[in-house]
1. Kindly check whether there is at least one residue in region A:110-130 that is in contact with a Phe, Trp or Tyr (Cβ under 9 Å, 6 or more places away or on another chain), modelled with pLDDT of 95 or more and of a type in the set (Asp, Glu).
2. Take residue D:161 and decide whether it is within 12 Å of another protein chain (Cβ to nearest Cβ), at negative phi and not charged (D, E, K, R).
3. Give the residue that is farthest from residue B:224 (Cα to Cα), with candidates limited to residues of region D:38-57 that are of a type in the set (A, V, I, L, M) and within 12 Å of chain B (Cβ to nearest Cβ).
4. Is it true that some residue in region C:159-168 is closer than 22 Å to residue C:30 by Cβ and surrounded by fewer than 18 Cβ atoms within 10 Å (Cβ to Cβ)?
5. Among the residues of region A:85-94, is any at pLDDT 95 or above, in contact with a Phe, Trp or Tyr (Cβ under 9 Å, 6 or more places away or on another chain) and within 14 Å of another protein chain (Cβ to nearest Cβ)?
6. If I filter region D:99-108 for residues that are facing another protein chain (nearest Cβ under 10 Å), buried (at least 24 other Cβ atoms within 10 Å of the Cβ) and either over 30 Å from residue D:193 (Cβ atoms) or among the β-branched types (Val, Ile, Thr) (or both), do I get at least one hit?
7. Quick check on my filter: what residues within region D:1-36 are basic (Lys, Arg) and more than 24 Å from residue D:84 (Cβ to Cβ)?
Number of protein chains: 4
Amino acid sequence: MYEELRKAVYDANVELQKRELVIYSWGNVSGIDHSRGVIAIKPSGVSYDELTPDKIVLVDLDGNIIEGTLKPSSDTPTHLELYRNFESIGGICHAHPTNATMWAQACREIPCFGTTSADYFYGSIPVTEVMTEDEIRSDYELNTGKCIVRRFGGMDPMKMPAVLVANHAPFTWGNSAAAAVESMVVLERTATMALGTITINPEQGPISKALLDKHYLRKHGKDAYYGQLES
Amino acid sequence: MYEELRKAVYDANVELQKRELVIYSWGNVSGIDHSRGVIAIKPSGVSYDELTPDKIVLVDLDGNIIEGTLKPSSDTPTHLELYRNFESIGGICHAHPTNATMWAQACREIPCFGTTSADYFYGSIPVTEVMTEDEIRSDYELNTGKCIVRRFGGMDPMKMPAVLVANHAPFTWGNSAAAAVESMVVLERTATMALGTITINPEQGPISKALLDKHYLRKHGKDAYYGQLES
Amino acid sequence: MYEELRKAVYDANVELQKRELVIYSWGNVSGIDHSRGVIAIKPSGVSYDELTPDKIVLVDLDGNIIEGTLKPSSDTPTHLELYRNFESIGGICHAHPTNATMWAQACREIPCFGTTSADYFYGSIPVTEVMTEDEIRSDYELNTGKCIVRRFGGMDPMKMPAVLVANHAPFTWGNSAAAAVESMVVLERTATMALGTITINPEQGPISKALLDKHYLRKHGKDAYYGQLES
Amino acid sequence: MYEELRKAVYDANVELQKRELVIYSWGNVSGIDHSRGVIAIKPSGVSYDELTPDKIVLVDLDGNIIEGTLKPSSDTPTHLELYRNFESIGGICHAHPTNATMWAQACREIPCFGTTSADYFYGSIPVTEVMTEDEIRSDYELNTGKCIVRRFGGMDPMKMPAVLVANHAPFTWGNSAAAAVESMVVLERTATMALGTITINPEQGPISKALLDKHYLRKHGKDAYYGQLES
C-alpha cells in the first residue's frame with residue numbers, strides 16, 4: 001500500500017549519500033502521502049550503507065508508528081511540525097553538508113549573491129534564531145520545527161525551500177522527497193559560492209529585485225519559460 | 001547533414017559534466033557552422049544524464065529552429081548575440097562552476113596573477129557591468145549578450161576567451177565547442193588559484209606585461225614554440 | 001591468538017586510507033587487548049598500499065615486540081603513553097588530515113561551533129602546549145604522549161576522543177581501532193566546518209552548554225535516545 | 001639501452017596525473033642517467049592521456065636530442081640548468097598544482113608550520129625573485145633555471161627538494177623521477193595546510209629549529225630511525 005512512498009523516500013536517502021552530502025548516519029529524508037496523512041522517514045542511526053527500502057518507517061502526523069520495526073529518525077518531530085505547518089510541501093531533507101553548515105554555525109543568513117541561487121530560492125536563505133535553553137531542554141526536536149515555522153512567518157515555503165537552523169545545520173524541502181534532496185544539493189552549492197564571494201568582496205550586496213524576479217520566475221510559476229513544456 | 005556539428009556539441013556538453021563543471025542542467029554548450037550560419041545548442045532544462053546527440057537543437061543566427069523537437073537553451077539569445085559579434089569564435093560554453101561564479105558574484109575581474117592563466121588568457125578576465133533593470137526586464141538573455149559585447153569593446157575575443165557576467169556566472173568560447181569547454185576548465189582553475197592568491201597576499205598585483213607576453217605568445221600566434229609542430 | 005585484534009587494526013588502517021585521511025605512510029592506527037595487555041599497531045614507514053594483516057606488529061605496554069618481523073610505528077611510544085593513562089580507550093589513530101592539521105599548526109583549539117561536533121565531542125577540541133626543546137630532543141614520541149595526557153588533566157578521554165598536538169597534527173581514539181578512525185573522520189569534518197565558520201563570522205562563539213548537553217547526551221550515556229535500541 | 005630510464009620517467013608522469021596534480025599537458029617530469037649524462041623528459045604539449053613510454057624524449061645536458069621524434073618539453077632548458085647545478089638530484093617535476101601555485105602567484109615562501117612539511121623539507125619552501133624583463137624576453141626557460149639556482153645559493157637541494165617560481169608555479173626534485181613527483185605531492189599538501197594555518201592564525205610563526213631537526217632528521221640522514229631498516 002505504501003510501497004511507492006517508501007521506495008521514493010529510500011531513493012532520496014540514497015541520492016543524498018551519492019551527492020556526498022552525508023557520511024555515516026548524518027541525515028534523513030522523509031516524504032508525505034497527503035491523502036492518507038502518512039509520512040515515510042529514515043530510521044534513526046542507521047548508516048546509509050545499511051539502509052534498505054523495508055527499513056523506512058511509516059508514521060502519522062502525530063508521530064505514531066504505522067509500519068516498521070525500527071525507531072524513526074530522532075528528528076522526526078521536526079519533520080512532523082514542518083508538515084503540519086507547511087502544507088504545500090511533499091518531502092523534507094535534513095543533513096550536515098559542509099558549507100551550508102558553516103553558515104548555520106556562523107548564525108548568518110546566506111545573501112542571494114547570484115542567479116545560481118535565484119534559480120531555486122526566492123531571496124536570501126534564512127537562518128533561525130538561536131534556540132533558548134528551555135526550547136532545547138524539553139521537546140528539542142519539536143521546538144526545532146517550531147523555531148523554523150516561526151522564522152518563516154507568512155513566507156511561502158515553496159518559494160524558499162531551505163532554512164539554516166542556527167548552531168546546527170540546514171533543513172530543505174520540496175514537492176517530493178527527491179525535490180527536497182535537490183534543494184539540499186543547490187543549497188550546498190549556494191553556500192560554497194557565497195563564502196567565496198564575501199572573501200573576494202566583503203562589501204558585496206545581494207542581487208537586485210529585478211534579477212531575482214527574472215531568474216526565479218523564468219523557472220517557476222505561470223510565466224516560466226525555462227525547460228521543456230510539460231505535455 | 002549536421003551530424004558532425006551535432007555530435008561535436010553533444011561531446012562538448014558531456015565533457016563539461018565529466019570535468020565536474022555542471023550539475024543538473026546548469027550549463028550549455030553550442031557550436032557554429034560558419035559556412036551555413038547554423039548553430040547547434042543544448043536543449044533547455046534537459047539534465048546532462050538524459051542528453052543524447054539527437055536532442056541537440058539546430059537554430060539559425062536569428063534563433064529560428066532548423067532541426068529539433070525540443071526548445072533550445074533559454075540562453076540561446078546570448079549565444080547568438082556573441083556569434084553575431086565575435087565572428088572568429090566557433091563554440092560557446094556557459095556554466096556555473098563554483099570558483100569562477102564566486103568572482104562573477106563578487107563583480108570583480110580576475111587579475112592575471114600567474115602563467116597558468118597567461119597561457120590561455122591574454123590579461124585579466126573581464127567582468128561585465130551590472131545589468132540595468134530595463135535590460136533585465138525585457139530581452140534579458142539578448143541583453144546579457146549585448147552587455148558582454150559592450151564590455152569587450154574592440155578587444156579580440158580569441159585572445160580573451162572568457163567573461164564573467166556580474167551577479168551571474170561565466171561564458172567562455174574558443175574555435176570549437178570543445179575549445180569553449182577547455183576555456184571553462186582553465187577559467188575555473190584560474191579563479192580558484194586567484195582566490196588563494198589574494199588570501200595569501202592581498203596586495204599582490206598582476207604579472208608583468210613581459211611575462212604575460214612570453215607565456216601567451218609561446219603558445220599562440222606565429223612565434224609560438226610550445227607543443228609539437230603541426231604537419 | 002591475536003588474529004582478531006590484528007585484523008581489526010588492519011581494517012581500521014585501511015579505512016583511514018579509504019576515507020582519504022592519509023597518503024603514503026602518513027598515519028597509524030592501533031588497538032589494545034586489555035585482558036592481555038597487548039597492542040597491535042601499524043609498522044613504521046609502510047605505505048597503506050603495501051599493508052597486509054600479517055605486517056601488523058604486536059607489542060606490550062612497555063613497547064617490547066611480542067609478534068612481528070617489522071619495526072612498529074615510530075609513534076608507538078605516544079600510543080603506549082596514551083594507553084597507560086587513558087585506560088578506557090580501546091584504539092588510537094594518528095594522521096595528518098588537511099583541515100585538522102591546519103588547526104594543529106595554528107596552535108588553536110577548535111571551538112564547538114555546532115551540533116555536528118557536539119554529537120561526538122563534549123566541548124572544544126583541545127590543543128596541547130608547544131613542546132619544549134628538551135621534550136623534543138630526547139624521548140620525543142614518549143613526551144608527545146605525556147604532553148597530551150598533561151593537557152587532559154582530569155578530563156574523561158571518552159568524552160573528548162581527540163586532541164591536536166601543537167605544530168603537528170591530531171591524535172584520536174575510541175573504544176576500538178575502528179572507533180578511533182571514526183573520531184578522526186568526524187574531527188576532520190569539524191575542523192573544516194570551523195574554518196568556514198570563523199571566516200564567515202569572526203566573532204562567532206561556541207554553542208550553549210544546553211545545546212552541547214542535548215546533542216552529546218542524546219547519543220551517549222544512559223539517557224541516550226538516538227539510534228536503535230541495542231538488543 | 002635507455003628503456004629503464006624512459007619507463008621510469010613515463011611512470012612518474014603518469015603518477016603526476018593520477019595524483020590529480022595536472023590537467024591537459026600542464027606539467028612535465030624528467031629523470032637523469034648520471035653515468036651517461038642523459039636526461040629523459042616528457043614531450044612538449046602532449047596531453048597525459050596520449051602519453052606512452054616511447055614518446056619520452058632523450059636529450060644530453062646541452063639539450064641535444066639523443067633519441068625521440070617529438071620535441072622535448074618547452075621547459076627542458078630549466079630542467080637542464082637544474083641538473084647541471086644540482087648534481088645530487090636524479091629527477092625533476094614541474095606542474096601547476098592549485099595550492100602550491102597560489103603561493104607562487106602570491107610571491108611568498110611557505111613557512112614551515114608543521115611536522116608534515118618538516119618530514120620532507122628542511123625549512124620554509126623558498127620562492128624565487130620576480131624575473132626581470134630581460135630574463136623573460138630571451139632564454140626565458142634557461143633563465144628560470146638560473147633564477148632558481150641563484151635563490152638556492154649554497155643550500156643543499158636534497159634537503160629542500162622544492163621551489164616556487166614567483167608569478168608562476170613550483171619545481172620539485174628528488175633522487176629519481178618518482179621521488180620528484182612525491183616531493184610535488186607533499187608540497188601541494190604543505191601549501192594547502194599553510195593557507196589554512198594563516199587563515200586561522202595570521203600571527204602563526206614557523207616551528208622551532210628543534211622540532212624541524214627532530215622530524216627531518218628522524219627520516220633523513222645517518223641517524224634516521226623512521227621506517228624499516230634497509231637490508
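1. Yes.
2. Taking the combined requirement at face value, the residue does not satisfy it.
3. The qualifying residue farthest from residue B:224 (Cα to Cα) is D:57.
4. Yes, there is a match, as at least one residue in region C:159-168 is closer than 22 Å to residue C:30 by Cβ and surrounded by fewer than 18 Cβ atoms within 10 Å (Cβ to Cβ).
5. yes
6. Within region D:99-108, one or more residues are facing another protein chain (nearest Cβ under 10 Å), buried (at least 24 other Cβ atoms within 10 Å of the Cβ) and either over 30 Å from residue D:193 (Cβ atoms) or among the β-branched types (Val, Ile, Thr) (or both).
7. Of region D:1-36, the ones basic (Lys, Arg) are D:6-7, D:18-19, D:36.
Correct list: D:7, D:18, D:19.
Here is a yes/no grid of residues against (1) within 11 Å of chain B (Cβ to nearest Cβ); (2) among the hydrophobic types (A, V, I, L, M, F, W, C); (3) not in a loop (DSSP other than H, G, I, E, B):
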position: A:120; (1), (2), (3): yes, no, no
position: A:141; (1), (2), (3): no, no, yes
position: A:147; (1), (2), (3): no, yes, yes
position: A:199; (1), (2), (3): yes, no, yes
position: A:228; (1), (2), (3): yes, no, no
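The values are calculated or read from the model by the stated rules, or taken from the named source; none is laboratory data. Keep in mind that what you see is a predicted model, and the values were worked out from it rather than measured. Every residue, glycine among them, receives a Cβ derived from its backbone with ideal geometry; neighbour counts consider all protein chains shown.
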